[in-house]
1. Output the peptides 168-176, 372-380 sorted from most to least packed, where packing is the average of other Cβ atoms within 10 Å over each peptide's residues.
2. For His280 and Ser429, calculate 0.36 nm times their separation in residues minus their Cα-Cα distance, and state this gained length in nm to one decimal.
3. Which length gain, in nm to one decimal place, applies between Gln243 and Arg309 when the Cα-Cα distance is subtracted from 0.36 nm times their residue separation?
4. What residues have an amide H closer than 5 Å to that of Val155, excluding those fewer than 5 places away on the same chain, when H is modeled at 1.01 Å from N in the peptide plane?
5. Compute the distance from the alpha-carbon center of the range 262-302 to that of the range 399-436, in whole Å.
6. Can you tell me the Rg and Dmax of the range 229-271, counting just the alpha carbons, in angstroms?
7. Need one number: nm distance between label points at Asp408 and Ile106, each 7 Å from Cα along Cα→Cβ, rounded to one decimal.
8. Under 5 Å between amide hydrogens, which residues at least 5 positions from Ala290 or on another chain qualify, with H placed 1.01 Å from N in the peptide plane?
Amino acid sequence: TYITNVLASALQLLQFGRSHCWHSGLKKLVGVSGFKAGKKGARKKVVTVLHFSLHGVEKSFLLPFLQNTMADAQQQQVDPTIQNPDVVTKYKTAAEISTRVLNQVIPLCVAGAKVFDICVEGDKLIQEGTKAVYNKAKTPKGIAFPTCLSINECVAHFSPIESDPEGATVLKDGDVVKIQLGAQIDGYGSPIAHTVVVGASAEKPITGAVADAMKAAHIALEAAIRLIKPGNKNMDVTKAVSQITDDFGVKCVEGMLTHQQEKDVVDGKKQVILNPSEHHLRDFERVSFAENEVYAVDILVSTGEGKTRQMETRTTVYKKTGTRYQLKMAASRQVLSEINTKFGNFPFSLRDLDDQRKSRMGIIECAKHQTVLPYDILFERDGVVVQFLATLLLTKNGNVKVTSPPYDPALVKSDKELKDEELIKLVASPLKPSAKKNKKKKAAGEAEAATA
């Protein structure tokens, strides 16, 4: 994309620039930062144009030469959506790593285990997994979301650093633990989240309100990933999820969001909201889903009213925003520089910064001036929260769930059931249409085209 922009500017110089300045303009374009990152062939041709211009070659020759070069460069641009099979492979590779790490973290959630140690181990496993793939080229890869273990009424984003009081938190028997993490390959992230109860087993299953919430959240996730498809509307998903939780006597956590995912973007424009208040609904954008989109479908369900509040627990997960501001403190500038170098546009934990003490100082100014976005730690006011999150690709052949929390019905004993017949049919339906249906749809399209 960058090389195409350079070529476009060069073309404008040749077409509209005055004879005494167009070659100097080309020289500046070749020298600007980022030019070296372009395609070799296109870069070489621009340099050739510059060489010709400096040696008096007529515009009449250079103009068609540069126009052809521009066309070549545009063809070389990579499609960043899942219409590109390489992008799908990167999502799936990241998803395999995320799923494998989740399955390695789950057995670590035992009574007496330190949350800090488990989070560190989860991040280490993600880094090891991503280092083992895509090594032929300098492909950016690593953590798409740092390992978080949010306990009981804590809604999300609990990922303590050792120097904070929360660093000493240990798991207890019966704790409801929400595990969230994610890997990314070349900017394509595949997050996943799952809920476990410490000490639960087939012999000692989860019961009561927590079981109702887990079963409702699982069914709500299955319904959402079938309703998020091209042509459907986001508020229809909100309505269906609320209907499911009502049947189980539980509530979604108010205002929680499912985000569209793109290359280097974890909080895309299109969203689905859970249990919205009147205030949320006033400003919330109604959208339709489209083919080749990706979503992190995030379902959070509470045994209480779904109302949240902040407490004294200190935020540790942040993400840079791209906002520019001249920070005053040297520690703040150093922290932001390290963030830009290490984490790109993905969320990160303060424990992954070199100097945690300075990081705590510097991140405050960064957050104040919105150069980073804090992932605040929220708490349910009067209940326990469970979470399931899956990464969903909306392909031309149907929905593909690349990450999927390993819900085990043998561990969850709830006597409540989904009542709505339409939703029961929806959850039982396959994610992807059968090959026979695809053939009929294709034939119908061809017939329509023939008669048009």
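1. 372-380, 168-176
2. Value of the extension gain: 50.5 nm.
3. 21.3 nm
4. Long-range HN contacts for Val155: Leu378, Phe379, Glu380.
5. Cα centroid of the range 262-302 versus Cα centroid of the range 399-436: 21 Å apart.
6. That works out to 12.7, 38 Å for Rg and Dmax.
7. For Asp408 paired with Ile106, the spin-label model returns 0.6 nm.
8. HN-HN under 5 Å from Ala290: Gly231.
The values are calculated or read from the model by the stated rules, or taken from the named source; none is laboratory data. If you're wondering where the values come from, they're calculated on a predicted model, not measured in any experiment. Glycine also receives a Cβ, built like all others from the backbone with ideal geometry; neighbour counts cover every protein chain displayed. Surface accessibility is based on the protein's heavy atoms, side chains included, excluding ligands, DNA and RNA. Shrake-Rupley method; radii C 1.70, N 1.55, O 1.52, S 1.80 Å.
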